Amino acid sequence: MYREISLGNGMRKISFSSIVVFVLVLILPILFSEEAHAAGLQQAYVRLDRLADGATTGGMVCAKSATASVETTVKVTFPSGFATVDTPANWTVTTTNIPADATAWIGIGTASAASGQDVTFPSGDMVVGTLYCFNFTGTSTLTNASAANNLVGTITTQLAGPTAIDSSSYALSIVTNDQIVVSASVPATFSFALSGNTDTMGTLSTTTASSTGKTVTIGTNAASGWVAWVKSANAALNSASTGATIATAGTVNNAPSDLAALTGYVLDVDVTTDSATGTGSVTQASDYGAEYNGTNTTSGGTLSTTFQPIAASSGTTDGDVLTLIERAKISAVQGAATDYTDTLTVVAAGRF
Amino acid sequence: MNHMRFQNNKALFLGLVFVFILILFPLPSSAADGSLHLVTSPLPINLVTTPGSSVTTPIKIKNGGTQTEQLKITLMKFKAYESNGQPQLMDPEPTDDFLTWASFSEDTFTAAPDEWKTITATFNVPQDAAFGYYYAIVFSRAHDEIPTDSKQTAVVGGTAVLVLLEARVDDAKRSVEVTEFSTDKQIYEFLPATFTVKLKNTGSVHVAPRGNIFINKGDEHDVALLEINANKGNILPNSTRDFKEPWKDAFPVYVEKKQDGKVVLDEAGNQVMELVWDFGQASKLRWGKYTAKMLLIYDDGHRDVPIEGEVSFWVVPWRLIGVGLFILVFVLIGLKNTLQNMWKNVHGWFEKK
């Protein structure tokens with residue numbers, strides 16, 4: 001069945017089948033066409049800086065392109081319920097502190113458009129399979145929705161037009177409280193260390209003999225500092241076997257006694273270490289330690305059977321060190337004995 | 001004979017039992033060298049209660065040494081020296097009834113190395129108590145060995161926790177007077193300028209005034225702001241306490257010389273100062289007359305009471321001024337010579353014409 005249709009006027013006849021083919025060529029694309037869709041991104045997520053209900057926040061946008069094309073913008077659509085500020089200039093960006101496997105988003109810059117849930121940023125041409133990230137600021141940009149799970153938004157890469165290239169959804173969860181308040185306290189402490197409980201005086205003579213010395217190490221975080229006192233059991237070196245006594249020299253008068261010109265028994269307190277760590281300075285001030293601030297190897301303060309201040313500090317320290325040295329000088333007629341002794345009691349405290 | 005044998009066996013048996021007990025229950029051992037290291041917390045302790053009631057407070061103590069220590073608590077008292085407000089530790093006296101109000105959960109206790117013990121102190125304040133009571137709770141070794149060797153003295157030590165207890169009554173008087181507000185010099189070349197504020201507690205209970213010193217220069221207000229008694233240190237009744245505060249925010253400035261983590265001291269035990277030129281702080285070159293205004297407040301039980309004071313001083317960096325004048329004189333001489341030469345040249349040129 002082959003028919004030809006004459007067109008007259010000497011024109012060539014066209015077969016019916018040719019017409020059918022022609023019509024089908026025109027119609028079939030219409031009948032079997034599909035709506036054009038952007039491809040999905042290989043990877044896409046938004047990580048917010050804050051997840052608390054109603055918190056103002058910035059965040060990080062990351063995406064991995066799937067389609068070879070020339071991207072010029074990226075549109076971030078925030079989930080319904082999030083409040084965005086429609087001022088593009090507020091949506092500034094950075095590319096610092098992005099994940100190690102990501103690349104700074106090429107061509108990213110301050111948003112070019114912000115409207116409703118959509119914020120559009122400029123973009124360069126993305127390489128397929130490369131993860132790009134950028135941060136948007138949290139200042140006057142985005143406010144979180146109410147607490148809920150699976151709040152869905154989209155990231156869409158676009159070419160000029162704009163025409164979508166790749167697009168993927170992301171989901172966010174918003175919680176009522178996203179922060180943990182860490183609180184701690186540091187109590188005031190006071191550390192006192194005495195290097196030993198005996199001090200050897202050696203053989204006493206008509207020249208000044210000094211003990212080897214014992215140290216008191218004080219550390220405290222008390223802001224008002226510390227004070228230290230000492231008292232003597234006898235204010236003298238006593239011999240139990242003979243009953244003889246070497247009395248302390250001088251009087252408590254803010255001035256050390258120098259055994260170069262005296263006989264007797266005194267205590268010298270040296271500030272061995274005034275720690276540079278902390279706010280305190282160690283002093284042996286007038287009426288508060290000056291008595292025991294011997295400045296040579298024969299001087300020291302008069303001992304008392306009541307507590308006398310030997311030094312103080314005005315603030316914190318990690319280890320001030322005082323050295324207590326007993327000194328004694330006897331007269332030529334001092335009774336002989338091998339058991340002259342005394343007991344010094346040292347007490348220190350943090351200031352009120 | 002049998003009797004003697006029995007006695008010997010009995011002595012041997014008792015001796016063995018004693019040795020066995022010592023092995024099973026060894027006595028706490030002190031450090032071989034007699035050293036003692038104690039740490040206490042907190043400090044000081046401020047307590048307020050009403051007459052006829054009791055108040056408790058925990059006190060923590062740690063044996064910081066390497067040997068187990070048996071420790072004891074000794075109760076003392078303290079007051080403040082009238083002249084400087086510093087604490088004066090005192091042994092108890094028979095009339096100190098208030099010391100009998102205090103009791104402790106343990107009077108003696110054993111502490112292993114690095115072990116913290118918490119002792120609860122309870123103060124049962126009688127109905128007729130009023131105002132302030134000041135305790136020093138001293139922790140020390142329970143059985144400090146007295147030296148048996150000849151030619152030795154004993155050095156025993158302890159750490160005290162100071163407790164300020166107020167039995168609050170309506171008729172307590174809280175009153176503070178400024179007895180001195182001064183600087184350590186009238187004229188400084190370079191800072192620091194150290195302010196001394198002496199406050200006398202004329203009331204019947206301890207108070208803790210605090211506030212600021214505002215430093216002005218002419219019409220320029222608040223050039224600097226210093227805090228006085230920021231740590232809320234107390235002034236005990238009938239005593240004067242000194243508060244010293246340096247103004248050292250300046251260029252250049254004297255600072256404590258430090259070496260190997262220690263403040264350098266001179267032979268007299270005074271701190272050695274060194275002048276530091278931090279040119280990043282050059283804008284803080286201080287010169288001219290300054291006026292410092294002090295404003296402190298304390299709570300008199302009803303309201304905040306202000307205390308005011310004012311002092312002036314000068315900062316004259318004379319060496320810098322001298323160098324500046326020296327340079328200026330040279331510049332002026334050079335300028336004069338240059339102008340003279342120019343004048344001669346111009347005059348000569350006109351004469352030639």
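Between B:ASP299 and A:THR110, what is the label-to-label distance in nm when each label sits 7 Å out along the Cα-to-Cβ direction?
Rounded to a tenth, the inter-label distance reads 5.2 nm.
Run the quick spin-label model on B:GLN281 and B:PHE104: label points 7 Å from Cα toward the beta carbon, then report their separation in nm to one decimal.
Simple spin-label model gives 4.5 nm for this pair.
Pop the C-beta distance of A:SER173 and A:ALA100 into the FRET formula with R0 = 25 Å and round what comes out to the nearest 0.05.
So, using R0 = 25 Å, E works out to roughly 0.55.
Set Lys and Arg Cβ to +1 and Asp and Glu Cβ to -1, take the dipole of region B:235-296 about its Cα centre, and tell me which of B:ILE235, B:PHE279, B:LEU296 lies farthest positive.
B:LEU296
From zero outward in steps of 20 Å, how is the percent of C-alpha pairs of chain B spread across the bins?
20, 36, 26, 10, 6, 2, 0, 0
Rounded to the nearest 10 degrees, what's the angle between the helix A:16-31 long axis and the longest principal axis of chain A, both from Cα atoms, 0 to 90?
Once rounded, the angle reads 20 degrees.
Let me know the mean shielding of A:183-192 by other chains, meaning the per-residue number of their Cβ atoms within 10 Å of its Cβ.
5
Could you go through region B:302-310 in sequence order and give the Karplus-derived ³J(HN,Hα) for each residue, using 6.51 cos²θ - 1.76 cosθ + 1.60 with θ = phi - 60°, rounded to whole Hz, and x for Gly and Pro?
For region B:302-310, the Karplus curve yields 10, 7, 7, 9, x, 10, 10, x, 8 Hz.
Measure off 7 Å from each Cα along the Cα-to-Cβ vector at A:THR323 and B:GLU82, then give the distance between these two points in nanometres to one decimal.
Output for this residue pair reads 3.8 nm.
Among all stretches of chain B without exposed GluC sites (Glu not before Pro) (DSSP loop, at most 12 other Cβ atoms within 10 Å), which one is longest?
After excluding every exposed loop site, the longest remaining stretch is B:1-144.
If r is the Cβ-Cβ distance from A:THR200 to B:SER204 and R0 is 51 Å, what FRET efficiency results, to the nearest 0.05?
0.55
Can you list the lysines whose alpha carbon sits under 21 Å from that of B:LYS62, skipping same-chain ones fewer than 8 residues off?
Result set, ordered by chain and number: B:LYS72, B:LYS117.
Taking amide H positions as placed in the peptide plane 1.01 Å from N, state which residues far from B:ASP96 in sequence (5 or more) or on other chains have amide H under 5 Å from it.
none
What are the extents of the Cα atoms of the protein assembly as shown along their three principal axes, in Å, largest first?
Per principal axis, max minus min of the Cα coordinates gives 164, 131, 56 Å.
Looking only at other chains, what is the average number of their beta-carbon atoms within 10 angstrom of each beta-carbon in B:269-275?
Across the residues of B:269-275, the mean count of other-chain Cβ atoms within 10 Å is 3.
Can you spot the lysines whose alpha carbon is less than 17 Å from A:LYS231's alpha carbon? Ignore those fewer than 8 places along the same chain.
Of all the lysines, those that pass the test against A:LYS231 - Cα under 17 Å, at least 8 places apart if same chain - are A:LYS214, B:LYS77, B:LYS79.
For helix B:2-24, what angle does its Cα long axis make with the longest principal axis of chain B, in degrees from 0 to 90 and rounded to 10?
Approximately 30 degrees, to the nearest 10.
Skipping prolines and chain starts, which residues have an amide H placed within reach, meaning under 5 Å, of the one on A:GLY138, given they are 5 or more residues away or on another chain?
It is A:GLY58, by chain and number.
Let me understand region A:190-350 better: what is its radius of gyration from the alpha carbons, and its Dmax, in angstrom?
That works out to 15.7, 51 Å for Rg and Dmax.
Taking amide H positions as placed 1.01 Å from N in the peptide plane, with prolines and chain starts having none, which residues 5 or more places from A:LEU41, or on another chain, fall under 5 Å of its amide H?
For A:LEU41, the qualifying residues are A:SER167, A:SER168.
Peptide A:275-284: average number of partner chain Cβ atoms within 10 Å per residue?
Per residue, the average neighbour count from other chains is 3.
Given a Förster distance of 56 Å, report the FRET efficiency between A:SER140 and B:ARG319 from their Cβ-Cβ distance, rounded to the nearest 0.05.
The value I calculate is 0.55.
Given the protein assembly as shown, what percent of its DSSP beta bridges are antiparallel, to the nearest 5?
In the protein assembly as shown, DSSP labels about 90 percent of beta bridges as antiparallel.
Treating the angle as unsigned and between 0 and 90°, give the value, to the nearest 10°, between the Cα long axis of helix B:318-352 and the longest Cα principal axis of chain B.
Helix B:318-352 sits roughly 10 degrees off the main axis of chain B.
Of the peptides A:58-69, A:154-165, B:314-325, how do they stack up when ordered by the mean number of other Cβ atoms within 10 Å, highest first?
In decreasing order of mean packing, A:58-69, A:154-165, B:314-325 become A:58-69, A:154-165, B:314-325.
Quick check: from the Cα gyration tensor, does region A:77-138 come out rounded (a/c under 1.5), prolate or oblate?
Taking the square roots of the gyration eigenvalues as a ≥ b ≥ c, region A:77-138 is prolate.
No lab work stands behind these numbers, since they all come straight from the coordinates. Everything quoted here is computed from the prediction, not taken from an experiment. Here Cβ is always computed from backbone atoms with ideal geometry, including for glycine, and neighbour counts include all displayed protein chains.
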